[in-house]
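Chemist: Please see the structure below; I have some questions.
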Amino acid sequence: MEISGKIIQVLPLQEGVGRNGNPWKVQAYVLETQEQYPRKVHFELFGEDRIKNNPCTVDDVVTVSFDIESREFNGRWYTSIRAWRVQQGVVEAAPAPAVAPVAAQPVAQPAPVAAPAQANTATFDSVAGNEEGTDLPF
């Protein structure tokens, strides 16, 4: 999934050591979409390599590629947006592939239609009994 917008906040870097003894780092950002009704989206870059390869500062306009993950803890659900790529600037959606032209095939002509019968051409005046030739009924 992707979302584009402007970085409005860079949150403090979080570091720690996992149960297996490996160090970890998470850098979080807040992005604001540039739509009619802007939305604020909190996302994270997990891992030292991703943080170094995708630097972001406040006021950068970026497109974020991410995965959404939810997990349960003590009966409550928590959702996180984990970015795996941050590109500077707004990336346009790829254009739809061109459709190959279809060879022209002859089209069957419809059968001729008979002319309609003479329609009733009575006017409002003659139907309403108005002899003066106006369209008012009185």
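Chemist: Inside the range 22-73, can you point out the residues that are part of a loop (DSSP other than H, G, I, E, B) and over 17 Å from the mean Cα position of the chain (by Cα)?
Modeler: ASN22, GLY47, ASN54, PRO55, CYS56, THR57, VAL58, ASP59, ASP60 - these are the residues of the range 22-73 that are part of a loop (DSSP other than H, G, I, E, B) and over 17 Å from the mean Cα position of the chain (by Cα).
Chemist: Within 19 Å of TYR78 (Cα to Cα), surrounded by 12 or more Cβ atoms within 10 Å (Cβ to Cβ) and in contact (Cβ under 8 Å) with a residue 40 or more places away in the chain: does that describe VAL10? Talk me through it step by step, then tell me what you get.
Modeler: Numbers: within 19 Å of TYR78 (Cα to Cα): no; surrounded by 12 or more Cβ atoms within 10 Å (Cβ to Cβ): yes; in contact (Cβ under 8 Å) with a residue 40 or more places away in the chain: yes.
No, not satisfied.
Chemist: Further question: How about the range 47-68: which of its residues are within 18 Å of LEU11 (Cα to Cα), in contact (Cβ under 8 Å) with a residue 40 or more places away in the chain and exposed (fewer than 15 other Cβ atoms within 10 Å of the Cβ)?
Modeler: Those that are within 18 Å of LEU11 (Cα to Cα), in contact (Cβ under 8 Å) with a residue 40 or more places away in the chain and exposed (fewer than 15 other Cβ atoms within 10 Å of the Cβ): THR57, VAL58, ASP59, VAL61.
Residues checked against (1) modelled with pLDDT of 95 or more; (2) surrounded by 10 or more Cβ atoms within 10 Å (Cβ to Cβ):
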site: SER70; (1), (2): yes, no
site: TRP77; (1), (2): yes, no
site: PRO95; (1), (2): no, no
site: ALA115; (1), (2): no, no
site: PHE124; (1), (2): no, yes
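The values are calculated or read from the model by the stated rules, or taken from the named source; none is laboratory data. Owing to the predicted nature of the structure, the values given are computational and were not obtained by experimental measurement. Glycine also receives a Cβ, built like all others from the backbone with ideal geometry; neighbour counts cover every protein chain displayed.
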